[in-house]
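Here the structure comes first, spelled out in C-alpha cells, and everything after it is commentary.
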Amino acid sequence: MLALRRAITVSLAALSIMSTQHTVAVLLFLALTAGCTTTSSRPTRSEFEDIPVANGLTYLPNKSTIIESPTVKAARLVYRGRVEVDSLSVGMRTALEANGWRHISSTSTADHGITQLYEKAGNPLEVRLIDGWWFTYVELTASRTRQ
C-alpha cells in the first residue's frame, strides 16, 4: 500500500511539472505570436514622399497630427516597432541622406532618446527615436511650404 501511495505521489508530481511546462510553453507561444501581430505587411504611411520610414514600424494615427493649409503642410507622425534604436538611428540617417536631406545635428540622452535634425530646401525635419520598455517609438516632425 505504501508503494502504491509513493507511485501515485510521484505520478502526480510529474503531472504537475508537465502541466507547468505545458502552461509556460503555451504562454510563451502566445506572447511571441502577439508580438508578430504588431508588424504590418502594408506599406508604412508617410505624408512626405522623401521621408523614408523603416520596415517593421507601425503608424500610430491616434498619436500623430497632420495640419494642412493652402500654403503649409506640417505633420508629427508617430510610429512604433520592435527595432533596436541604435541601428534604427544609423538606418534613418543613411536613408534620409540618400533622399537629399542634409544632417544638421544629433543628440542622445538617456531620458529623451536620440534626436536628429535635418534640412532640405529650407524645410526642417526632426527625427526622435525613443527606446521604450517594449517598443521603439519614432516621431517625425516636418513642415513644407506649398508652392
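Structure data summary
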| item | result |
| --- | --- |
| Residue count, the range 66-103 (criterion: touching a helix residue (DSSP H, G or I) at 6+ places or on another chain (Cβ under 8 Å) and without any contact (Cβ under 8 Å) to a residue 60 or more places away in the chain) | 2 |
| Test: residue in the range 111-125 that is under 22 Å from the mean Cα position of the chain (by Cα), modelled with pLDDT of 95 or more, of a type in the set (D, E, K, R) and closer than 19 Å to D50 by Cβ | no |
| Residues (within 19 Å of F48 (Cα to Cα) and not in a strand (DSSP E or B)) located in the range 90-107 | G91, M92, R93, T94, A95, L96, E97, A98, N99, G100, W101 |
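For (1) under 25 Å from R128 (Cα atoms); (2) touching a strand residue (DSSP E or B) at 6+ places or on another chain (Cβ under 6 Å); (3) at pLDDT below 50, each residue gets a yes or a no:
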{"site": "T23", "(1), (2), (3)": "no, no, yes"}
{"site": "L28", "(1), (2), (3)": "no, no, yes"}
{"site": "A31", "(1), (2), (3)": "no, no, yes"}
{"site": "R45", "(1), (2), (3)": "yes, yes, no"}
{"site": "D50", "(1), (2), (3)": "yes, no, no"}
{"site": "I66", "(1), (2), (3)": "yes, yes, no"}
{"site": "A74", "(1), (2), (3)": "yes, yes, no"}
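The values are calculated or read from the model by the stated rules, or taken from the named source; none is laboratory data. Values in this document were obtained by computation on a predicted structure and should not be read as measured data. Here Cβ is always computed from backbone atoms with ideal geometry, including for glycine, and neighbour counts include all displayed protein chains.
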